[in-house]
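The values are calculated or read from the model by the stated rules, or taken from the named source; none is laboratory data. Note that this is a predicted model, so its numbers are computed, not measured. Neighbour counts are summed over all protein chains in view; Cβ atoms, including those assigned to glycine, are modelled from backbone coordinates with ideal geometry. The protein model used for the area step is the full one, side chains on, heavy atoms only, and it has no ligands, DNA or RNA in it. Shrake-Rupley method; radii C 1.70, N 1.55, O 1.52, S 1.80 Å.
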Amino acid sequence: MCRYAMYGPYKDIFACFACRKVYKQTSRFELPKDEYEGIVHVCPQCQTPMHDMGHDFQAPKHTDIKQWKKVELLYRSGYSYHSCGCDGPGYRPSRLQDVPEFLKEQRRFKNKGEALLHRLLQS
């Protein structure tokens with residue numbers, strides 16, 4: 001059974017990459033949809049918009065800059081830590097140096113033509 005479906009609503013976890021900090025914010029299930037969509041979660045420290053990381057996100061230590069860079073690179077490439085709670089968000093590389101290979105392996109193309117073009121450009 002999904003742990004997030006059984007208990008909750010859980011607070012949403014947002015990260016500020018500039019400050020390397022994580023804050024829990026009001027869940028999207030605690031407010032009406034139109035009211036929640038109007039909220040911009042900003043970092044209390046630097047006032048920049050924060051990023052919705054998902055319930056399964058565990059922040060690296062504040063001083064671990066390489067891990068924060070890895071998390072930011074994955075997030076900007078479309079990989080966050082959202083899941084229903086059954087199996088988790090899936091594999092994520094544990095080291096910054098493994099991220100380019102991970103992104104290369106996970107790359108999905110919109111159609112066969114785009115995939116063919118990519119293969120031709122790689123040769």
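A run of the chain free of exposed loop cleavage sites, with chymotrypsin sites (Phe, Trp or Tyr not before Pro) counted only in DSSP states other than H, G, I, E and B and at most 10 other beta carbons within 10 Å, reaches its longest extent at 8-90. In order along segment 95-102, phi translates into HN-Hα couplings of 10, 4, 5, 8, 5, x, 5, 4 Hz, rounded to whole numbers, per the Karplus curve 6.51 cos²θ - 1.76 cosθ + 1.60 with θ = phi - 60° and x for Gly and Pro.
For LYS69, give me every one of the aspartates and glutamates with a C-alpha distance below 19 angstrom, ignoring sequence neighbours fewer than eight places off in its own chain. Cross-link targets: ASP52, ASP56, ASP98, GLU101. Here the Karplus relation 6.51 cos²θ - 1.76 cosθ + 1.60, evaluated at θ = phi - 60°, turns the backbone of segment 51-60 into coupling constants of 10, 6, 9, x, 5, 8, 6, 10, 5, x Hz, with x for every Gly and Pro. When the convex hull of its Cα atoms is viewed from all sides, the chain shows a mean projected area of 10.3 nm². Multiplying the residue separation of HIS82 and ILE65 by 0.36 nm and subtracting their alpha-carbon distance yields 3.9 nm.
In the chain, helical runs assigned H by DSSP with n ≥ 4 each contribute -39500 (n - 2.57); averaged across all residues and rounded to the nearest 500, the mean residue ellipticity at 222 nm is -8500 deg cm²/dmol.
Of the solvent-accessible surface of the chain, computed with a 1.4 Å probe and all protein chains present, 53% belongs to carbon and sulfur.
For the residues LEU74, LEU103, LEU31, a GNM of the chain with alpha-carbon springs under 10 Å puts the largest fluctuation on LEU31. Look at the alpha carbon pairs under 8 Å that are at least 6 residues apart: their mean separation over the length of segment 23-86 gives a relative contact order of 30 percent. Note that segment 28-74 presents 67 Å² accessible area per residue, ligands and nucleic acids not counted, probe 1.4 Å.
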